[in-house]
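Scroll down for the structure; my scribbles are underneath it.
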Amino acid sequence: VQEQALDRDCTTLSRHVLQQLHSFSAEAQDLSAIMNRIGLAAKLIARRLSRAGLMEGVLGFTGDVNVQGESVKKMDIYANDVFISVFKQSGLVCRLASEEMDKPYYIPENCPIGRYTLLYDPIDGSSNVDINLNVGSIFSIRQQEGDDLNGEASDLLQDGHKQLAAGYVLYGPSTMLVYSIGTGVHAFTLDPSLGEFILSNENIRVPEHGSIYSVNEGNFWQWDESLREYIRYVHRQEGYTARYGGALVGDIHRIFTQGGVFLYPGTVKKPEGKLRLLYESAPLAFLMEQAGGRASTGTQDILDVVPEKIHARTPLIIGSKEDVALVESFIQKQA
Ligand code: AHG
Ligand code: MN
Ligand code: MN
Ligand code: MN
């Protein structure tokens, strides 16, 4: 048992990636190194979040509005820049596309050698920062195709099956990093005394069904009638419970653990919904499918959606297979 305990304590992120790939190929080494850098970014962000209220530059707004039309939080920018500086020194990533940047950021010294692109939401659920509730980071890794000399990054406008890896960091009571490189979903917990992410849950499987439905019912009257019909159905049925934290990563992590379904539907005014495909829905769909769940726009698998622009949005229905299918049945009946 002693040996097993020790072995467990030594299963760090980079080692686990190499184990998963059973190979020391160049790509395996690259992904292992990239995941390690993401772990460093997560530690830097977690450290700063833990000092909110004790130092400047964590709480509150910058006063700017980002390409999404959202008021930018100081943590949005800090976290955005952490990922850039962490990958500057990596030599692997040539381009970073982020919720907080209109256009991708190129790291000239890495291009075109570093043939990877990091797509990320540096702080997800940033409205939670000032109230000390969980926030997250979401990331997706794609292979750069072509030299993108005009800086349009048009090779990123492809479906979610192009993702090599995806994951999220949950800054909660503990800091967890959950990732997949296509060989299952694995969770690591940051051990602050070691400064390492240590394997805490391997091969996560989302239950086929769960009692949770997670949606902002404040938008009830803005949805299509089919969504209202679904909500009336779960209101009438025994055995459903509502949970909504207003931060996607925490709400999705609950679904991975307990099953159920998260919905961010489109509204009549904004049929494409709020969540962004390339660095929110697609990476989470990659993970959810790897864990035996599903992710849909309501009429199409998220991973099949081809975006027209980097900050494209889609409706998102994601979680346990049976629960996603039930929502789709309401939407498709009305279609
Ligand atoms: P972000 O903070 O990265 O802009 O994302 C916020 C998103 C997501 O975290 C959450 O699911 C959703 O906004 C909540 O939106 P509502 O407040 O409209 O429910
Ligand atoms: Mn935002
Ligand atoms: Mn987000
Ligand atoms: Mn964000």
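Counting only alpha carbon atoms, the long axis of helix 225-236 and the longest principal axis of the chain meet at about 80°. Among rounded, prolate and oblate, which fits the range 113-162 when a ≥ b ≥ c are the square roots of the eigenvalues of its C-alpha gyration tensor, a/c under 1.5 means rounded, and a/b larger than b/c means prolate? Because a/c hits 1.5 or more and a/b exceeds b/c, the range 113-162 counts as prolate.
Applying 0.36 nm per residue to the separation of Cys111 and Ser50 and subtracting their alpha-carbon distance, the gain on full extension is 18.5 nm. When the alpha carbon gyration tensor of the range 1-107 is reduced to an equivalent ellipsoid, the three semi-axes, largest first, read 32, 20, 9 Å. One chain, two ends: Phe220 and Leu149. Fully extended at 0.36 nm per residue, the span grows by 21.1 nm beyond their Cα-Cα distance.
By the Stokes-Einstein formula, at 1.002 mPa s and 20 °C, the range 101-189 with its Kirkwood radius over alpha-carbon pairs has D equal to 145 µm²/s. Between helix 74-88 and the chain there is an angle of about 40 degrees, using the helix long axis and the longest principal axis of the Cα atoms. When the range 89-209 is described by a simple charge dipole with +1 on each Lys and Arg Cβ and -1 on each Asp and Glu Cβ, the residue from Thr183, Leu133, Ser90 located farthest towards its positive end is Thr183.
Would you list His253, His186, His235 from fewest to most Cβ contacts within 10 Å?
Values: His253 21, His186 24, His235 11.
Ascending number of Cβ neighbours within 10 Å: His235, His253, His186.
Tell me the angle of helix 26-49 to the major Cα principal axis of the chain, expressed in degrees between 0 and 90 and rounded to the nearest ten. Value to nearest ten degrees: 70.
Just so you know, the Cα atoms of the range 59-99 work out to an Rg and Dmax of 12.0, 33 Å. The alpha carbons of the chain stretch over 56, 53, 43 Å along the principal axes, in descending order.
Tell me, what is the FRET efficiency for Val1 and His22 to the nearest 0.05, using R0 = 35 angstrom and their Cβ-Cβ distance as r? Working shown, then result.
Details: r = 26 Å, r/R0 = 0.75.
FRET efficiency, Val1 to His22: 0.85.
Determine the alpha carbon to alpha carbon distance for each of Lys270/Lys321; Lys43/Lys309; Lys162/Lys274; Lys73/Lys274 and list only those over 21 Å. If you can, show how the numbers build up before the last one.
On the way: Lys270/Lys321 26 Å; Lys43/Lys309 31 Å; Lys162/Lys274 23 Å; Lys73/Lys274 18 Å.
Distance filter (> 21 Å) returns Lys270/Lys321; Lys43/Lys309; Lys162/Lys274.
Computed from point charges on the beta carbon alone (+1 for Lys and Arg, -1 for Asp and Glu), the dipole magnitude for the chain about its Cα centre is near 500 Debye.
Values in this text are rule-based calculations from the coordinates and carry no lab data. As the structure is a prediction and not an experimental result, all values here were calculated from the model. Neighbour counts are summed over all protein chains in view; Cβ atoms, including those assigned to glycine, are modelled from backbone coordinates with ideal geometry.
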